[in-house]
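Here the structure comes first, spelled out in structure tokens, and everything after it is commentary.
The values are calculated or read from the model by the stated rules, or taken from the named source; none is laboratory data. These figures come from a predicted structure and were not determined experimentally. Quick reminder, even Gly has a Cβ in these numbers, built from the backbone with ideal geometry, and neighbours come from all protein chains shown. Note: areas computed on protein heavy atoms with side chains; ligands, DNA, RNA excluded. Shrake-Rupley method; radii C 1.70, N 1.55, O 1.52, S 1.80 Å.
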2 protein chains.
Amino acid sequence: MQKIKIIIADSHFLSRKGLVILLEENTDFVLLSEALSASDLINQSKFYHPDLIIIDYTSANFSFENLHQIVKKYPKTHLLAITDVQSNISIAKALNLGVTSHLLKDCEQEEIVEAIYKTAKGENFMCGKIASAVLIDKTSVNEYTCEGLNISDREMEIIKLIAEGLSNKEVADKLFLSTHTVTTHRKNIMNKLGVNNTAGLVLFAVRENLVSPNHFLFASN
Amino acid sequence: MQKIKIIIADSHFLSRKGLVILLEENTDFVLLSEALSASDLINQSKFYHPDLIIIDYTSANFSFENLHQIVKKYPKTHLLAITDVQSNISIAKALNLGVTSHLLKDCEQEEIVEAIYKTAKGENFMCGKIASAVLIDKTSVNEYTCEGLNISDREMEIIKLIAEGLSNKEVADKLFLSTHTVTTHRKNIMNKLGVNNTAGLVLFAVRENLVSPNHFLFASN
DNA sequence: ACGACAATACCTAAAAAGTGGTATTTTAAA
DNA sequence: TTTAAAATACCACTTTTTAGGTATTGTCGT
């Protein structure tokens, strides 16, 4: 069997080095390089053409777009995402952007190793928590959905501002809309989410990382 | 200079091995052992009497109590906590239980190394985000406070219910109070927190783990 | 026994949110 | 090119929240 050629893309020192040790312990794996930023990753991918990239797209110098860039440019390279706890929508987004497998950083060593083998062959592997978080729509093979919610970008924008404490009027002013429009959006959002008050909206916003729980409190320091 | 004798206590494979590499790279550090659980940690501490324990008290097989146990039994051993993002109250709690220093897992290597040196000497070291989250009350040396907030238990209870989406009336019914009382509490809380709407209350509740961001959404599944 | 604070309760009035509609325009997809 | 969905806007009405107060009781520590 041919060795699996791997790049690690993660700006966090600890998890990066944890992965290094894991790869060193298995002779089927070859670590080509470590990328600390998106530009590192682009350059190294061009140079090495890895079989597999293990990436934390949430860490400081990476983003969702990097996933898409890699998938488009190097279709033979498979992506294994490994992040801290994420919202369902983020995970679904990553999968839709072409990530083959998804783990969390608190996974066991064995799970990570298994994920590497499978992902390098192009097979999906989700750790337990991820699998339960994302429902796979059996009808369309490659479509991952997130609990049937489909909140539009505009709606997301409005949720974010509401969660940051703006009133409908303030949101309207900020986005150059009528308050009626904001009210309508708010109604539609609440219907989609199945909630009937601001608390529900704010909790959703936190879960989807639209706002940080520290929004107000760090501001007051 | 004598070498610093260290135990790593963390059930997460990746961060544990990341720390292993970091310690190996510095000849002043000696890694005595790795503890995957509280009982591991107790046994290894008894056997090795380390200068320093690097611990993620939030990881699967550890808890706040372990911090207290170690501090009480081995006063010469210093504790360096390193966790994922935490609420201020959790951090304050850890510090009050006797943790000398506190980092986050996304810290840079240099910060971790500096923290190890200082903590082993008994000096405090907080990474940037932690330091800004917790203000040290200079008047009483060993007392860490949380932004001078002192929210009473009753107030916490009411915040929690509001964040769960209950109206003042519903909270009042649940706690057998007049709506006036709930309204008053709500006002007092908002004054203490320096916010002026429900969104701020809910974000605070999330930050202090009074409510899960999944409260509504898991309920609807 | 005193003071401080927490918990309770009430009042008024303005502002905002929540409910249940309808309706036009723009955009993306089939 | 038809169609569906998203984004926009308006109306009327009710409920809830927010902001400004005051005031009584109980409890805890000094």
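Structure data summary
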quantity: Greater than 27 Å apart at Cα, pairs in B:17/B:121; A:46/B:17; A:17/B:46; A:76/B:105; calculated: A:46/B:17; A:17/B:46; A:76/B:105
quantity: Heavy-atom accessible area ranking, 1.4 Å probe, most first, across A:180, A:78, B:102; calculated: A:180, A:78, B:102
quantity: Where Cα atoms sit under 15 Å apart: lysine pairs in the range B:150-221 separated by 8 or more or lying on different chains; calculated: 4
quantity: Kirkwood-based Rg to Rh ratio, the range A:46-99, C-alpha trace; calculated: 0.95
quantity: Chain B, dipole about Cα centre (Lys/Arg Cβ +1, Asp/Glu Cβ -1), debye to the nearest 20; calculated: 540 debye
quantity: Longest exposed-site-free window of chain B, the sites being trypsin sites (Lys or Arg not before Pro) in a DSSP loop that have at most 15 other C-beta atoms within 10 Å; calculated: B:139-221
quantity: Accessible area, probe 1.4 Å, largest first, for residues A:10, B:173; calculated: B:173, A:10
quantity: Tail beyond 25 Å, pair distance distribution of chain A (Cα, percent); calculated: 47 percent
quantity: Helix-only [θ]222 nm of chain A, DSSP H runs n ≥ 4, -39500 (n - 2.57) each, per residue, nearest 500; calculated: -14500 deg cm²/dmol
